[in-house]
Amino acid sequence: MREIKNLLVTGGCGFIGSNFVRYWLAQHPQSRVVVYDKLTYAGRKENLHDLWDTANVSLVVGDIGDQDLVRRTCQDEGIDLIVNFAAETHVDQSILGPLVFTDTNVRGTHVLLEVARELGIRLHHISTDEVYGHIRDNHQSVETDELAPRSPYAASKAAADQLVQAYAITYGIPVTITRGANNVGPYQYPEKAVPLFSTNAILGEPLPVYGDGLQMRDYAHVYDHCTGIEAVLLKGVIGEVYNVGTGREMTNLEMVDIVLDTLGKDHSLVKHVTDRPGHDRRYSMNVDKLRALGWEPKYDPKQAVAEAARWYVENRWWWEPIRSGEFREYYDRQYAERLAGTGAK
Ligand code: NAD
Ligand code: TYD
């Protein structure tokens, strides 16, 4: 088992990054975490509200594309591991405005690799199942499958994933990669399906389901993603890629039913709206390689979705200010016309 002392967690104020920081420090209280985050609309200091007064957590506000600041932070803080969560992460936003996805996800990751190479630091990169593209029935993606991304988001993540692997081959720098399934849980920005549907249902607003709603996703609890990353950090083979999910998927309509039943809301809130362009039909990953490290997911996807929906009931303090602020403009741009087409108010 490796000892890890000082971590730079990029994107640590986002959904998965903040869950990871909280999980890691609970398990490894002797280590120090420097959160490095640009605080975009998705990066929120309040995601770590309970930790900022803790001596072993600090925040540097910055862009992962700022090589001087990343280098200086790593040197000043004695960083021995970079965990890269920082990214633009929403497929629909990547369809509306794709260039920033290349800036952060491709160039930003490239800058982190340059600093890691220069200073001899290990880099763990957070990738996604979307790099495999949508996959045929009965197949489960394995780590050696060809990458075949189909959205600007997925293409930028695939480029980053391949850059990380290329640096390991060319320069021999120590890297590992995890490819996560769709995550759900606390502090997920309400642009993503499960928090969007949960908060809409709580407010009695329509749930805009794209197309027929029969697309399939592995809705994994963010807790299991964090334990999977931890397993790879401590026991993973350097240079290797590991899938992290449950290996079980459901349709979006099944996910919506769980959300509505958990919240005791009427199914008439469901509105089928114009589909997302290029909408990936199915993601599913084989997670045996991670299991071989002794990891097992704790949550079934059904439990994960239900538990996530309940979190939004209990934590209105977190999402109400988001929903009434800048998010509104995005929501109207994305959904007003689509929902008007269904007759929904
Ligand atoms: P998120 O959008 O909630 O958070 C992203 C974080 O990155 C935010 O804190 C944001 O401020 C920060 N950030 C963005 N651009 C930055 C930049 N240029 N410099 C520094 N910080 C920047 O995302 P998330 O859902 O927590 O995803 C985290 C990582 O996990 C991403 O790499 C994503 O691709 C990957 N992933 C996500 C999922 C999922 O279901 N959410 C699944 C698999 C993989
Ligand atoms: P999302 O959370 O955006 O994740 P991803 O596109 O990365 O899988 O969406 C999950 C699924 O839900 C996906 O099939 C798209 C669908 N979806 C809707 O049907 N309506 C919505 O408003 C959103 C945001 C997503």
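Which whole-number percentage describes the relative contact order of the range 37-174, with Cα contacts under 8 Å and a sequence gap of 6 or more?
Relative CO of the range 37-174 lands at 25 percent.
Using a 10 Å cut-off on Cβ atoms, rank the peptides 26-34, 299-307, 325-333 from the highest mean neighbour count down.
By packing density, highest mean first, the sequence is 299-307, 26-34, 325-333.
Enumerate the helices in the chain for which the Kyte-Doolittle hydropathy averages -1.0 or more and the C-alpha atoms extend at least 27 Å along the helix's axis, using complete DSSP H runs.
Within the chain the helices that satisfy the rule are 152-171.
Can you classify the range 1-125 as rounded, prolate or oblate using the Cα gyration tensor, where a ≥ b ≥ c are the square roots of its eigenvalues, rounded means a/c under 1.5, and otherwise it's prolate if a/b beats b/c and oblate if not?
Cα axes put the range 1-125 in the oblate bin.
Report, in whole Å, the centroid distance computed from the Cα atoms of the range 196-241 and the range 3-19.
Between the Cα centre of the range 196-241 and that of the range 3-19, the gap is 18 Å.
How much of the accessible area of the range 102-224, in percent, comes from carbon and sulfur atoms when a 1.4 Å probe is used?
That share works out to 50 percent.
The range 199-345: percent of C-alpha pairs farther apart than 19 Å?
Every Cα pair in the range 199-345 considered, those over 19 Å come to 62 percent.
Determine the per residue accessible area of the chain with all protein chains present and a 1.4 angstrom probe, expressed in square angstrom.
Result: 40 Å² per residue.
For the range 104-145, evaluate the Debye formula with one uniform point scatterer on each Cα (no solvent term) and list log10 I(q)/I(0) at q = 0.14, 0.19, 0.32 Å⁻¹, rounded to two decimals.
The computed values of log10 I(q)/I(0) come out as -0.49, -0.70, -1.11.
Return P(r) of the range 61-197 (all Cα-Cα pairs; 10 Å bins starting at 0; whole %; ordered from short to long distances).
Reading the bins upward from 0: 12, 39, 35, 13, 1.
Grab the DSSP H runs of the chain that are 4 residues or longer, score each as -39,500 (n - 2.57), total them, divide by all residues and round the 222 nm result to the nearest 500 deg cm²/dmol.
For the chain, the value works out to -12500 deg cm²/dmol.
Which FRET efficiency value, to the nearest 0.05, do you get for E314 and V237 by plugging their Cβ-Cβ distance into 1/(1 + (r/R0)^6) with R0 = 56 Å?
0.90
For S31 and E118 in one chain, what is 0.36 nm times their gap in residues minus the Cα-Cα distance, to one decimal in nm?
Between S31 and E118, full extension yields an extra 29.0 nm.
Among residues other than L81 whose Cβ falls under 10 Å from its Cβ, what is the net charge (Lys/Arg +1, Asp/Glu -1)?
Local charge sum for L81: +2.
Quick one: dipole size for the chain, taken about the Cα centre, charges +1 on Lys/Arg Cβ and -1 on Asp/Glu Cβ, in debye to the nearest 20.
Roughly 100 debye, rounded to the nearest 20.
Work through the residues other than W52 whose Cβ is under 11 Å from its Cβ and net out their charges, Lys, Arg +1 and Asp, Glu -1.
-2
Rg to Rh for the range 276-324: what is it, with Cα atoms only and Rh by Kirkwood?
Value, to two decimals: 1.14.
Short version: what are the Cα gyration tensor semi-axes of the range 51-128, square root of 5 times each eigenvalue, largest first, in whole Å?
24, 16, 11
From Cα pairs below 8 angstrom and at least 6 apart in sequence, can you work out the relative contact order of the chain, rounded to a whole percent?
17
Stokes-Einstein diffusion coefficient for the range 136-289 at 10 °C in a medium of 1.306 mPa s, Rh from the Kirkwood formula over Cα pairs: what value in µm²/s?
The calculation lands on 92 µm²/s.
Between H267 and D137, how high is the FRET efficiency from 1/(1 + (r/R0)^6) when r is the Cβ-Cβ distance and R₀ = 30 Å? Nearest 0.05.
With a Förster radius of 30 Å, E is 0.65.
Kindly state, to the nearest 0.05, the FRET efficiency for H279 paired with E329, given R0 = 30 Å and r defined as their beta-carbon distance.
0.80
Along the three principal axes, how long is the range 161-248 when you take its alpha carbons, biggest first, rounded to the nearest angstrom?
53, 25, 23
Rg and Dmax of the chain, using alpha carbons, in Å: what are they?
19.3, 58
How much length, in nm to one decimal, is gained on full extension between A336 and D145, taken as 0.36 nm per residue of separation minus their Cα-Cα distance?
64.9 nm
The values are calculated or read from the model by the stated rules, or taken from the named source; none is laboratory data. Note that the structure is a prediction, hence the values are computed from the model and not measured. Methodologically, a virtual Cβ is constructed for each residue, glycine included, from the backbone with ideal geometry; neighbour enumeration extends over all protein chains shown. The area values use the complete protein model at the heavy-atom level, side chains included, leaving out ligands, DNA and RNA. Shrake-Rupley method; radii C 1.70, N 1.55, O 1.52, S 1.80 Å.
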